[in-house]
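The values are calculated or read from the model by the stated rules, or taken from the named source; none is laboratory data. Every value quoted in this text rests on a predicted model; they were computed, and no experiment measured them. Glycine also receives a Cβ, built like all others from the backbone with ideal geometry; neighbour counts cover every protein chain displayed. Keep in mind that these areas ignore ligands, DNA and RNA; they rest on the heavy atoms of the full protein, side chains included. Shrake-Rupley method; radii C 1.70, N 1.55, O 1.52, S 1.80 Å.
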Amino acid sequence: MPARASTRAPRTSAAVSQKSSVSNLNPRGSAASRASASANVDIPQETPDNALRQQVAAVFREAQRTTASHRKLAVTLRKIQEACCYEPTSGAKRSAASDFEEDDFNVEFVRCILRVMPVKKSEGVGEKTIRFIGLFLRHAVDKDNEVLGEVDEDASTMPETPTTRLTSHMIEATMPLLTAKDKFVRFRSTQLISHIINSLDAIDDELFQKLRSGLLKRVRDKEAMVRVQAVLGLGRLAGNEAEAKDDSEDSDHAGAAVSLLDKLLEVVQNDPSADVRRSLLVNLPILPNTLPFLLERARDQDAATRRAVYSRILPALGDFRHLSLSMREKLLRWGLRDRDENVRKAAGRLFRERWIEDCAGTPPPAENGQAEVSPPSLDALLELLERIDVVNSGVENGVGLEAMKGFWEGRPDYREAIAFDDNFWETLSAEAVFVARSFNDFCRSEGNGKYESLAEEKLPEVTKVAFYLERYIKVLIDAIKRADELDNDDEEEEEDTVEQEFIVEQLLHIALTLDYSDEVGRRKMYALLRQTLSIPELPDDVTKLTVEVLRDICAPDSAGEKEFCSIVLEAVADVHDTIVDDMPGDGGDDESFHSAKSAVSSDTTPTKKRGKTPELSEEEAAKKAIKEIMINMKCLHIVQCMLSNVAGNLQQNDHLVSMLNNLVVPAVRSHEAPVRERGLVCLGLCSLLDRSLAEENLTLFMHFFTKGHTALQITALQILTDILNVHGAQLLSSNPTLLKVYIKALRSGSKSPEVQAAATVAASKLLLGRVVSDHDVSAELLKTLVVAYFEPASAGNQSVRQALNYFLPVFCYSRAENQDLMRAVALDALHTLYNVREGLDDDADVDDEMVSLSTIGACLVDWTDPRKCYSPGLTADSAEKKHVNGDVHLDLAKDVIERLNGNWSKEEKKILSSLLTKLYVSPASSEHKIRDVYADVCDAVDAQLLADAASRNALYKIHVALGKIVNALDAAVPPAAVGSGFRRSVSRATSLGVEDKTVVSSGTSAGERTVVMGGGGGGGIKEEEEEEEEEDGEESKDGTTIMRTVVEGTVMEGVEDSLVDELLTDEEEEEVEEEEE
């Protein structure tokens, strides 16, 4: 721009009149767009063409072509603006634009902008033009600031410049378009305003309020694309208002900021469009009061929005350590276990690339810059694990293992650099041992053995692991004893105990994967674990892992299993003797031996008989009773862990038989509830190993279910289900009361939702695994599950709904036999649900409590759809799949017709008849079934079975569909074969001459549809629609016109009184039968 004197003032301009007009916004746009836009905005009157218009239009024309030239074009347009707005300097060459005023430029600029408004979203020229406008305004503001020189940033008012006046004029012209009828005009105007807001650093307060008000209205626009652009602008305004709130003491201003933020937070939570939620998510300011709402989107139903939390929001947040511990764990768990692979990848990348760098002290990357990767640091990795509370998140089913699996896979530098030296093992912390355990699991399970050598190289051999394990087991036991002495009052001691227990568990997990071909190491580990199992203070989780490692060390054959059982039962005896020996009173070796043998032989809680036991006080007696319970609980837990790792026959293992008689059976008979319940679990595990034992104790397990509390009922159900899975469903057939147990449990939703959930999973497994083979039993279970899925009693039980939401479609679509079973119970289940719906409180909103019966019927028809059933070798889109055998729906149609002939209520019949329109009638079905169902439908039509129009329409629809198939079948069979092979009580479809046409008659209105039969060897059925009168022109619920049958007596030349032989008179039917004979 040429140099200007500081005293130069902007040129004054004459006002240009703006008259209301309906002139064309865009001559090339659609008529609808022009009409809608012109109806909502005052458009400047089209002035004669001039040199300025040609220059401005040429710039906009070039800007539409490519964004590469935008910067150059912005400079060109700025020069035109300067020529119009400023007096030329002396000696400077005058341009054609110098003859025009500032207002002339503004009018031409806005004129070009208005031409963009009707452009559709799919056309790229609109996007390019709006981007160019934003770039030009930003460039013009910078140039104006250069002219003004130093500007006080703290000034309360903005200096007035040509660009501010242009911006105001442009927004004033665009604001009315926000309410245009045309959706594309609203979209472009909202997009333009939002882009201007995000392009400029400052804006006038009065203009700010107008923009805020206009965009807030567009947040409720019915078009998602408009709402997206509105929230893009409001996100910037909300950020500015929030900053102003912090700097201002004006309560009204602060209240406005809170109000705008609250409205946007409500939108990000509830807007139905994923694009709107995602756009607002990445544009809202990250503030303490908005952060929880932003992180909440990690549970959004849209995968791209969830991914944006991990790829955009959390990296932009900065140091993850500012988040609370629970929020870190939740975000990690939600992300790594997301159902969408891209979300899982984004969460894993965040953990291994961003969070580890925060712990390593690497500064966050600059915007659009590449993050600097720090060298591998064990301290940083340990801190990262500490920050996600690995003691709690690193347990089984915790998220720690999944996070570290992705870490080792995505960070080969850490994989190669990590070193586990002696000092590392001698100073183990919870985080350090978890690093070793996760590294070991990754190397041995991933890459098909690719990293096995890495584990062998970096991890110690079996003997060393055994020594380290022995050392930390001793530390754990000492910590437990110290905590017991302090009565758990010291939180530090308790935390230390938990950490030491975690260390031992991780070492045992490592031991589970070791190679015990080294005999020295195997013997050392074997002896250590045998000794460890005898420690009475050993925690339950450690005990379980110890038993598993022992089983892994012993041989996998029957001899190894017997050895394993022998070792564990010796440990059980040692545990009992060790605890009993601590009790007060005399007793020698003989008495200790006696206690080990007889502790479980009593019908009650085992105690020791002592000859000279001093009389105990009430407090000491209570402690003694508690300790006796602890004896049995510990012993039974060890036995339970052992039985979980045994697969051989019970009767062939003397150790198991002895254990059953001396420990498990007395525990089940115990009067102490905890002992009895754990004994029940052990008895259930024993029953899995012996069929006769299972048969003997079925009644006992059912008794526990009937009389027990909720937890015991769930345990009994699980035991019964496992027994049926292992030993077969013959036990279910031979014990009718067992089915009643499942039915009772499935119907216990209102009293015990947990029991209903457990029973639902159990029954689903039995049906899906085809364990239950008896048809009646299967039908009863399936019917109960269908009713439980839809009835209001299970509405609040999400465990039941989620299990059935998976089971019912999978069960039906997996096998044709399963679909037939669903067909058999469908109408009975629908009848039961009808009664349930009728029994609901009339005052309540029934539709809120229970889905409509038409929806339930649609689900039942869909589940029995033969086209969706799995067929080996056929895909869903294959041609063969489109014409499959539809016998199951024909059987369902036959069942519906039978019910319609029954004594069901009018409402039920209406629901049943609606199912007929949804059935799949396939020409590939069995011919005899097609003819049988067609005969039943014809009888129903003749008998005028249904009264209301919608039901008759459904019946006529399947009648016509079956009639076409029957006539096609008759046309394909020689007349002799038809006459001899397909005689029915209702005679077959006839072949009429070309000149003969038959009209189906069943109504009284001349305005009904006529169904015409064309001759020629059983030709197809034609439908001739007569003119329908207003009152008879009902439509079915799905919007299709109801098919009607013309009244008897409708006259057409050369027609008989029926469509097919089913509607022949009695005399004619007898004649046909005589001819056939």
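Accessible surface for MET327 stands near 50 Å², nearest 10, in the context of the full protein assembly shown (1.4 Å probe). Counting heavy atoms of the protein chains alone, PHE100 has an accessible area of about 40 Å² for a 1.4 Å probe.
A probe of 1.4 angstrom, applied to the heavy atoms of all protein chains, finds ASP654 with accessible area near 120 square angstrom. When the residues LYS627, LYS740 are ordered by accessible surface, computed with a 1.4 Å probe over the protein chains alone, the sequence from largest down reads LYS740, LYS627.
Note on ILE629 and LYS740: their simple-model spin labels are 3.3 nm apart, each label 7 Å out from Cα toward Cβ.
With protein chains left intact and a 1.4 Å probe, residues in region 852-963 average 42 Å² of accessible area per residue.
Applying 1/(1 + (r/R0)^6) with r as the Cβ-Cβ distance of HIS703 and THR855 and R0 = 41 angstrom yields a FRET efficiency of 0.50. The residue among VAL668, ASN653, ALA694 whose Cα reaches farthest toward the positive pole of the charge dipole of region 642-711, with charges on the beta-carbon of Lys, Arg, Asp and Glu, is VAL668.
Computed from the C-beta positions of LEU486 and GLU817, the FRET efficiency with R₀ = 56 Å rounds to 0.30. Under a model in which nothing but the beta-carbon of Lys, Arg (+1) and Asp, Glu (-1) is charged, region 109-222 shows a dipole of about 1360 debye around its Cα centre. For the pair GLU62 and GLU409, a Förster radius of 41 Å applied to the C-beta separation gives a FRET efficiency near 0.25, rounded to the nearest 0.05.
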